[in-house]
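A quick write-up on the structure given underneath.
The values are calculated or read from the model by the stated rules, or taken from the named source; none is laboratory data. Because the structure is a prediction, the values reported are computed rather than measured. For neighbour counting, all protein chains shown are included, and Cβ atoms are generated from backbone atoms with ideal geometry for every residue, glycine included. The area values use the complete protein model at the heavy-atom level, side chains included, leaving out ligands, DNA and RNA. Shrake-Rupley method; radii C 1.70, N 1.55, O 1.52, S 1.80 Å.
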Amino acid sequence: MKQLLDSNIEIFVESDFIYMPLLFDPEVVQEIQALFQPQRPQAISTPPALNTIIRLSNRYFVKGLEIHSLLDNFKAINAYDYERLRNHYLRKYYLLSEIDDIFIDETLRIILFQVMPYFVRKNRRLERKKLNNEEMLDFISKKINIPLKYHQDAKSFRNLEPLKEILRNLKDQKPITKFFKNGLTTTRKLRDWFNEAIQEKILADEQDRIEKSLQVRQEFSKTKTEHIAVMLYIADTGALEIDGFGFTKSNSYTQEYLVYKRTGEYTLQDYYARSYLFPDCRVAISTYTPFWPFVIEKYKHPFLLRHKPGQEICMKDYRPPEELTAENIINVLEEGLTALRYGYDGRRRNGYHSLDKTWVHIPTIDFEEYRV
Amino acid sequence: MDLIKDIKRNRLKHRQKEPLKKDIFNQISSIVKRYELNKNFLKVLDGVEDYLSNVNLNANRVRVKASMESPLFSLVTKDEYMLTISIIKKIGNSYLKFAYSPEEILLCGPLFRLNPSLTPENLERYHFETLFLHERVKADNKEHDEISNRSIEDT
């Protein structure tokens, strides 16, 4: 089917059936001659829609696929292309689920408007002004260089008319695409028509989503274009980082985030008061339980069991919170940061490993390379 | 007893797989499709004798026969079908189904005229140009021998 649509040959369309040019070999020629003998009355009397072969000024066309069955089964026949076209059209009208969901995503609102203000430097001077949601979005758009594309997209996003029109058409059951004309045509024309028809089919299948999307957009129609651009940027990239604080979408769970804060470089001392300079790392908490701080990167530290990514920080007697609130996220991150930066006591050699080499037979993580 | 043996032999014969015979239409139509031949090829085919008399073929050159797997069933467009049928009708000899390229199609006629009893093994194995040169040298030598014999007899 893909080959047919990609080619440029003449075809014949009759009663929604595609008739392809007949290919020949000696047996086919014999059959054709027998079929179109002048003595055979049924060859002439049969209605054209029922004919397997149609003769058109000494050219023969053989009955192939039914156009609408092709449309209905396109998803099954060519799943890859269907998904590609679906994504293309959903993106065209900003109907991808992440885009609308991001405006009503409660977790993201907590991170953006309650946790982020705690960790980022909002004011240059020593002012301690609390920022509201609007001001926070203003602050983000100043700090992050949002590409122009998202500002243009934001303008289109606020324009509700195309979606309203699609919904009106769907509700009135008005076919947007005309029926494909009967007669001689080319596969190129068929392909153009087919793409249009697929678009309509996708939009008809997504009617519920369009309704929901319209509702969300009407709610946010008075939001500033810059703010929508910020949200579209987050929906697209799935991550944001300002002043060492940031968040990124979880790979494992949709609608879940990893919220992190960078430690920056810091030093720890061993039993003999020798300093060890530790590199920067990201202490994170997942918005999906358990709410226990961990290090995103491959990292080694006396409080981490091994030298690998995603290790939970060892904290004795720590009881993680059971609920995801802004306060809990802040507490967990601070506990994790404090443990890494100030938790190790060189005299007690607490944690899984000791910074200085001890006379034990079990091989352990070595920190010699960090020694200053 | 004889009847039983006869039945058994017949059944065994029917059970044996028979190789699919080479079909001349499949062979030529695949060459037409592969090399995108058109009506002009028929004109070249008409003038092949003139072409061979003018061109200087190197007798020492050994052409390698191109390998080709023709499909079991070949379906072609109307133009390709007409051209294939015209080629088959125009040449009309048994060597044609061993031609693997347009060049070999051209040499089919002259080669058949030089020696119509070449074995299928040789036709399958050697390029028609090599066979043609070989047959032409053979024919020239024969002619030369006849002339020299005649001159000896005369003297």
So the check is Cβ under 6 Å with 6+ separation or different chains; which pairs have a first residue in region B:9-31 that's away from chain A (no Cβ under 14 Å) and a second one that's not aliphatic (A, V, I, L, M)?
B:Lys22/B:Lys97
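Please give the helices (runs of 4 or more DSSP H) falling wholly within region A:1-60 in which 1 or more residues are modelled with pLDDT of 85 or more. Quick ask: steps written out before the conclusion?
Working: elements: A:2-6, A:26-35, A:42-45.
Counting at least 1 such residues, we get A:26-35.
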Tell me which residues, restricted to region A:215-270, are of a type in the set (Lys, Arg) and more than 23 Å from the chain's Cα centre (by Cα).
A:Lys222, A:Lys224, A:Lys261, A:Arg262
Tell me, please, whether a residue that is open to solvent by 30 Å² or more (accessible area, probe 1.4 Å), assigned to a helix (DSSP H, G or I), under 14 Å from B:Gln27 (Cα atoms) and in contact with a helix residue (DSSP H, G or I) (Cβ under 6 Å, 6 or more places away or on another chain) can be found in region B:98-118.
no
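Of A:Glu161, A:Glu211, which residue is touching a helix residue (DSSP H, G or I) at 6+ places or on another chain (Cβ under 7 Å), surrounded by fewer than 17 Cβ atoms within 10 Å (Cβ to Cβ) and within 21 Å of A:Arg86 (Cα to Cα)?
One residue alone meets the criteria, A:Glu211.
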State which residue pairs qualify: first residue closer than 12 Å to B:Ala66 by Cβ and in contact (Cβ under 8 Å) with a residue 24 or more places away in the chain and inside region B:121-135, second residue open to solvent by less than 10 Å² (accessible area, probe 1.4 Å) and not in a helix (DSSP H, G or I) in any location, beta carbons under 8 Å apart, and separation of 6 or more residues or different chains.
B:Phe128/B:Ala99
Filter region A:179-192 for residues that are surrounded by fewer than 18 Cβ atoms within 10 Å (Cβ to Cβ) and not small (Gly, Ala, Ser) and give the result.
A:Phe179, A:Phe180, A:Lys181, A:Asn182, A:Leu184, A:Thr185, A:Thr186, A:Arg188, A:Lys189, A:Arg191, A:Asp192
If I go through region A:313-337 residue by residue, how many of them are without any contact (Cβ under 8 Å) to a residue 24 or more places away in the chain and surrounded by 15 or more Cβ atoms within 10 Å (Cβ to Cβ)?
2
Against the definition (farther than 30 Å from A:Thr107 by Cα and either without any contact (Cβ under 8 Å) to a residue 12 or more places away in the chain or in contact with a Lys or Arg (Cβ under 7 Å, 6 or more places away or on another chain) (or both)), how does A:Asp345 come out, yes or no?
yes
For region A:285-309, pairs from a residue that is free of Cβ contacts under 8 Å to residues at least 12 places away in the same chain to a residue that is in a strand (DSSP E or B), with Cβ under 8 Å and 6 or more apart or across chains, are A:Lys298/A:Lys308
For region A:256-279, give me each residue that is under 15 Å from A:Ile313 (Cα atoms) and either open to solvent by 50 Å² or more (accessible area, probe 1.4 Å) or without any contact (Cβ under 8 Å) to a residue 40 or more places away in the chain (or both).
A:Arg262
Report, by residue number, each residue of region A:203-238 that is modelled with pLDDT under 80, β-branched (Val, Ile, Thr) and not in a loop (DSSP other than H, G, I, E, B).
A:Ile210, A:Val216
